[in-house]
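The values are calculated or read from the model by the stated rules, or taken from the named source; none is laboratory data. Just so you know, these numbers come straight off a predicted model, no measurement behind them. Quick reminder, even Gly has a Cβ in these numbers, built from the backbone with ideal geometry, and neighbours come from all protein chains shown. Heads up: the accessible areas ignore ligands, DNA and RNA and are worked out on the full protein's heavy atoms, side chains in. Shrake-Rupley method; radii C 1.70, N 1.55, O 1.52, S 1.80 Å.
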Amino acid sequence: MLELTDTDRHIVESIVGLLDGAGGLVRVRRLQSASMSFDRDMWAQLASLGWLGASVPETIGGTGLAFGEIALLLEHAGKRLMPEPLVLALGGARLLARCRAEPAAELRTKVIDGEAVCVPVTAEPSANGRLFFDAEGVTHLSARTAYISDGHVGDAFLVPVKAKGDLRICVVQRSGPGIAVESEATVDGGSITRLHFDHVALTDLPVMEMGPDAAAAFD
């Protein structure tokens with residue numbers, strides 16, 4: 001067994017102390033009994049400890065944990081059955097960290113501060129195996145995304161769209177025109193969610209400029 005470093009021990013003690021202090025399994029059972037509930041107070045505490053920025057480099061406002069440290073954080077959150085969608089949050093923050101320009105930076109700050117939850121989604125599975133939406137030659141998008149676990153908490157969704165030869169990340173607000181958010185409770189107390197696009201104008205979707213490593217996530 002690998003010996004924990006001082007940083008590792010701090011991570012374990014922080015997440016375990018937070019979850020046990022918030023009510024432990026009693027809190028988890030309470031949340032599971034209320035369909036698709038979300039503990040905003042816990043989310044704010046996760047933000048205050050820097051965990052929502054764990055996947056973002058320190059140079060741009062995150063905590064900048066190494067991969068092994070993030071795995072340790074998630075391992076002990078899982079052992080305490082934490083129902084909050086920390087994996088989704090880390091994925092969204094990391095994707096925004098790989099996008100360039102000021103709009104991505106502003107949204108990334110809100111995610112790290114716990115003010116917004118940005119959920120990455122992909123296209124509905126198809127025979128061609130693509131994870132992005134192919135919008136070449138069209139001005140409006142009518143399609144649906146794949147299901148994603150616990151996506152019901154999303155304030156905004158990060159959607160990969162290919163148009164004019166480029167792959168881009170579009171930010172979709174859950175209350176936007178032509179957007180329908182479909183969520184279903186699951187037997188384990190979680191949920192699955194997908195988006196429906198009904199003739200949504202591509203010009204209405206804010207675009208985050210992507211670096212090459214961001215595009216690689218959808219190859």
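Tabulated results
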| quantity | calculated |
| --- | --- |
| The chain, dipole about Cα centre (Lys/Arg Cβ +1, Asp/Glu Cβ -1), debye to the nearest 20 | 320 |
| Helix 86-97 axis, angle to the chain major axis (alpha carbon atoms, nearest 10°) | 50 |
| Karplus (6.51, -1.76, 1.60) ³J(HN,Hα), θ = phi - 60°, over the range 112-120, in Hz, Gly and Pro reported as x | 5, 7, x, 7, 8, 10, 9, 10, x |
| Other-chain or far-sequence residues with amide H under 5 Å of Phe132's (modelled H) | Ala123 |
| Part-to-part distance (alpha-carbon centres) for the range 1-80 and the range 86-107, which is given in Å | 18 |
| Label selected from [x] 17.4; [y] 18.3; [z] 21.5, the criterion being Kirkwood radius over Cα pairs in Å as computed here | [y] |
| The chain, accessible surface, carbon-and-sulfur percent (1.4 angstrom probe) | 54 |
| Table column - 3J(HN,Hα) (Hz), the range 164-171, Karplus curve with 6.51, -1.76, 1.60, x for Gly and Pro | 6, x, 10, 9, 9, 9, 9, 9 |
| GluC sites (Glu not before Pro), loop per DSSP, at most 12 other Cβ atoms within 10 Å - longest free stretch of the chain | 4-135 |
| q = 0.17, 0.20, 0.21, 0.29 Å⁻¹, the range 151-198: log10 I(q)/I(0) [Debye, one scatterer per Cα] | -0.58, -0.73, -0.77, -1.08 |
| Area accessible to solvent at His199, 1.4 Å probe radius, in Å² | 120 |
| Top of Gly154, Gly92, Gly21 by mean-square fluctuation, Gaussian network on the chain, Cα under 10 Å | Gly21 |
| Three-way shape label, the range 100-151, alpha-carbon gyration tensor, a/c 1.5 | oblate |
| Phi-based couplings in Hz for the range 70-84 (Karplus 6.51, -1.76, 1.60; Gly and Pro marked x) | 5, 4, 5, 4, 5, 4, 7, 5, x, 5, 8, 6, 4, x, 5 |
| Computed log₁₀ I(q)/I(0) - Debye formula, equal Cα scatterers, no solvent, the range 49-145, q 0.13, 0.14, 0.19 Å⁻¹ | -0.56, -0.64, -0.95 |
| Estimated FRET transfer efficiency (Ser37, Glu124; beta-carbon r; R0 35 Å; 0.05) | 0.85 |
| Sites Asp198 and Ala105 - FRET efficiency at Förster radius 30 Å, r taken between beta-carbons, to 0.05 | 0.45 |
